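**Q** Before I ask anything, here is the structure I am working with.
The values are calculated or read from the model by the stated rules, or taken from the named source; none is laboratory data. Bear in mind that the values here come from a model prediction, so they are computed numbers and not experimental data. Here the Cβ is made from the backbone with ideal geometry for all residues, glycine too, and neighbour counts use every protein chain on show.
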Amino acid sequence: MECVFGLVGKGFALVVADTSAVHSILVHKSNEDKVMILDSHKLMGASGEAGDRVQFTEYIQKNVALYQFRNGIPLTTAATASFTRGELATALRKNPYSVNIVLAGYDKETGPSMFYIDYIASLHKVDKVAFGYGSYFSLAMMDRHYRKDMTIEEAIELVDKCILEIRSRLVVAPPNFVIKIVDENGAREYAWRETVKEAPVA
């Protein structure tokens, strides 16, 4: 019942993901961070098989860092999206990754941007996006309330509406969500929306 979604506002982009690590009928943990900070100004939210998700996002993160180390300049968000899509397309006919990605970033020249990349290597630049079962509700809420000139406060209010809708409509809804933002000041964790805390290990 994974859910990853994001939107682009006025001078920023944000990515939201549920934090449940599940397999079959078991919840292994409820504080799994599925939004990776790729570099100072890029976020990658991912959904899919846990092993593929962790391996692929770490692989992209390390290659983005390697490019910057070798060349002295960071990849743009669009270039990172193209590289990510290329790696998924290459793997598609050999050992495909079951992973869907929301890539958000901020570039000095172009400002905030967001890309939809799915497991069959489709790539689209978007203003709002969602993956998983929660997408049915979050996309509906964003279609109704989203504006391109939203402030961070307005966007967080919309995110909370989406989370509330997911929690009230999905049969097995994820209890916790993490929100991360990227703008001219960089990529950072903004907040968690928690209804379940991890039990302390005895």
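**Q** When the residues of the range 153-191 are filtered to those that are of a type in the set (S, T, N, Q) and more than 16 Å from the chain's Cα centre (by Cα), which remaining residue is surrounded by the most Cβ atoms within 10 Å (Cβ to Cβ)?
**A** Looking only at the range 153-191, we keep the residues that are of a type in the set (S, T, N, Q), and these are 168, 176, 185.
Okay, now just the ones that are also more than 16 Å from the chain's Cα centre (by Cα), so 168, 185.
Numbers: 168: 9, 185: 12.
Step by step, filter the range 153-191, then rank; the result is 185.
**Q** Now, a different point. Considering the range 159-191 alone, what residues qualify as being touching a strand residue (DSSP E or B) at 6+ places or on another chain (Cβ under 7 Å), more than 19 Å from residue 130 (Cβ to Cβ) and either in a strand (DSSP E or B) or of a type in the set (Ser, Thr, Tyr) (or both)?
**A** Passing the criteria: 183, 187, 188, 189.
**Q** Next question, about the same structure. What number of residues within the range 14-51 are among the basic types (Lys, Arg) and either under 21 Å from residue 68 (Cβ atoms) or modelled with pLDDT under 90 (or both)? Don't jump to the end; show me each part of the working.
**A** If we filter the range 14-51 for residues that are among the basic types (Lys, Arg), which is where we start, we get 29, 34, 42.
If we keep only those that are either under 21 Å from residue 68 (Cβ atoms) or modelled with pLDDT under 90 (or both) as well, we get 29, 42.
Of the residues in that region, 2 qualify.
**Q** Could I ask something else about it? Give the residue that is surrounded by the fewest Cβ atoms within 10 Å (Cβ to Cβ), with candidates limited to residues of the range 10-24 that are under 14 Å from residue 105 (Cβ atoms) and touching a Pro at 6+ places or on another chain (Cβ under 8 Å).
**A** Here is the first cut: in the range 10-24, the ones under 14 Å from residue 105 (Cβ atoms) are 11-15.
Among the residues that remain, those that are also touching a Pro at 6+ places or on another chain (Cβ under 8 Å) are: 11-13.
Values: 11: 14, 12: 21, 13: 28.
This residue is 11.
**Q** Then there's this: Just checking, which of 48, 11 is in contact with an Asp or Glu (Cβ under 9 Å, 6 or more places away or on another chain) and more than 14 Å from residue 113 (Cα to Cα)? Quick ask: steps written out before the conclusion?
**A** On the way: 11 fails: more than 14 Å from residue 113 (Cα to Cα).
After applying the criteria, what remains is 48.
**Q** If we scan the range 25-42, do we find a residue that is surrounded by 21 or more Cβ atoms within 10 Å (Cβ to Cβ) and polar (S, T, N, Q)?
**A** So far as the range 25-42 goes, no, none of its residues is surrounded by 21 or more Cβ atoms within 10 Å (Cβ to Cβ) and polar (S, T, N, Q).
**Q** Would you check which residues across the range 125-179 are among the hydroxyl-bearing types (Ser, Thr, Tyr) and farther than 25 Å from residue 28 by Cβ and list them?
**A** If the condition is that a residue be among the hydroxyl-bearing types (Ser, Thr, Tyr) and farther than 25 Å from residue 28 by Cβ, then 146, 151 are the ones that fit.
**Q** What's the total number of residues in the range 64-102 that are in contact (Cβ under 8 Å) with a residue 40 or more places away in the chain and among the small types (Gly, Ala, Ser)?
**A** 4
**Q** Okay, moving on. Only one residue in 198, 189 is among the acidic types (Asp, Glu), under 19 Å from residue 44 (Cβ atoms) and at pLDDT below 95. Which one? Full working, then the answer.
**A** Values: 198 fails: under 19 Å from residue 44 (Cβ atoms).
None of the others qualify; the one that does is 189.
**Q** Please list, ordered by residue number, the strands (runs of 3 or more DSSP E) wholly in the range 103-151 having 1 or more residues that are under 26 Å from residue 79 (Cβ atoms) and without any contact (Cβ under 8 Å) to a residue 40 or more places away in the chain. Quick ask: steps written out before the conclusion?
**A** On the way: elements: 111-117, 123-126, 128-132.
In the range 103-151, the matching strands (runs of 3 or more DSSP E) lie at 111-117, 123-126.
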